Structures are given as C-alpha cells and as structure tokens.
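Here the structure comes first, spelled out in structure tokens, and everything after it is commentary.
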Amino acid sequence: MSASGAEPDVTSYSELRTVYREPLPRASQKVLDHLDVHCRRFIEMSPFCVLSSTGVDGRADASPRGDPPGFVKVVDEHTLLIPDRPGNNQVDTMQNILNHPVVGLLFFVPGMNETLRVCGSAEIVADEEALRPLSVGGKKPASGLKITIKDAFLHCGRALIRSRLWDPEAQIDRSVYPTYGQVLADQIAGANADSIDADEDEANRNQLY
C-alpha cells in the first residue's frame, strides 16, 4: 500500500521498471553459485552476519549471529556450517527452517563498507562430531546450521557509507535509549527492569557459550 493508504503504486515488474532503470550487466554477472576465494576470505574475516528465514505462514524473520571472525565455517565451496550459540531458546529460526529450509545471509566485516550476500538451503545439524570444530572453550553449540550455497555475491558499500555504520562519530550516547530491561518492563506486564538487566548482565558475562 502506498504512503497515502491507497492501492499500491507498483504491482508488476513492468511498472517497477518505470521506477528503476535497467541494471548494469555486472549486477547479474557477479552472482556465483559457489564460494570463490574472495567469498571464503570475506566469511573468514566476518564476526557478524544476519540470517533470514521464512515461517510456514510466510512470515519473514531476521536473526543476528556473532562470534569471533571465522565463526561461520567454510566446509567447502558449496557448504557453510553456522553454530547456534545459547540464546532465549525460542528457536524461531530453527522452526522456520524445519518448515521452509531456505535462508539468506548477510555478512559484515568491521571497517569494510561492502557486505557479502549468500542464499541457500539449510538443515539443522546436531551430530557431536560435526559440531566439535565449532566449540569455544570446550563448549559445543547445541546445534548448527548446514547451508548449501545457491547464490553468493559481494554487495556494494553505498548502504553502509550512507549509514556511517563504522564512523565512531556516528555512535550514539547509549543513555539516550532505555536499557533492555527498561524496554521489556514497558512491554511486559509485571516485568521488573532491574531484574531483567541483572539477568542479562549475568548471561552476557558467563553464558555466551
């Protein structure tokens, strides 16, 4: 629906192309069906990615994943393995994958404006031997995601340049936004902000793995 609340302005590909010019040939030529040396190196340097999935009801979801650089293991040019670290145990992404095993990944490297986009099919791995290489401090993840690559390509840096994501001067004073506990206390009847913040502080110090 358009901003005015009326019917959508664009409802077909031909109408979409009246808004946007045709892409340069390299936009499609750069899309690979495997991880080349540059994709592999990018993933090895990346400490953070966003994982998108879709539920059986069609609802989209995006989940942040982070760890030391290289936490997403490149098994081979067609396969990735992602550890699932401790969280809230709601397993939204896992449930989505059980019903619709297609995912998208967006990898970030601090200081780089370009990002790496990957999509493919996913399956949940719980085999201890497969998960052992993903251990941190002797602690294996409860499970992992095996991603079979369909597409991979480097995305230009304009979005991060516009956002100034890595610019220290663009960082906010954290005090201008409520704490995690304060937000949840406003959203959940009976919740205590101080208790939630204390729980989160404990988890962040002692339960990352």
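The values are calculated or read from the model by the stated rules, or taken from the named source; none is laboratory data. The structure displayed is predicted, hence computed values, not measured ones. Neighbour counts are summed over all protein chains in view; Cβ atoms, including those assigned to glycine, are modelled from backbone coordinates with ideal geometry. Quick note on the areas: whole protein, heavy atoms, side chains included, nothing else; ligands and nucleic acids left out. Shrake-Rupley method; radii C 1.70, N 1.55, O 1.52, S 1.80 Å.
Brief remarks follow.
- Histogram of C-alpha separations across region 67-142, 10 Å bin width, %: 15, 46, 35, 4
- Label-point separation, Arg26 to Gln187 (7 Å along Cα→Cβ), nm: 4.1
- Computed over protein heavy atoms with a 1.4 Å probe, the carbon and sulfur contribution to the accessible area of the chain reaches 52%.
- If you plug the beta carbon distance of Ser52 and Val176 into 1/(1 + (r/R0)^6) with R0 = 35 Å, you get a FRET efficiency near 0.75.
- Rolling a 1.4 Å probe over the heavy atoms of the protein chains gives region 86-185 an accessible area of 62 Å² per residue.
- Total lysine pairs in the chain at Cα distances under 17 Å, for residues eight or more apart or on different chains: 5.
- Over region 30-75, volume per residue of the alpha carbon convex hull, in Å³: 107
- Whole-Å semi-axes of region 3-102's equivalent ellipsoid (Cα gyration tensor): 31, 23, 12
- Percent of Cα pairs exceeding the 31 Å cut-off, where the set is the chain: 34
- The trypsin sites (Lys or Arg not before Pro) of region 1-88 meeting both criteria, a DSSP state outside H, G, I, E and B (loop) and at most 15 other C-beta atoms within 10 angstrom of the site's C-beta, are Arg21, Lys30, Arg59.
- In terms of packing, defined here as the mean over residues of other Cβ atoms within 10 angstrom, the peptides 159-171, 111-123 line up highest first as 111-123, 159-171.
- Cα-based radius of gyration of region 45-101 once divided by 2.2 N^0.38 Å, which approximates compact folds: 1.20
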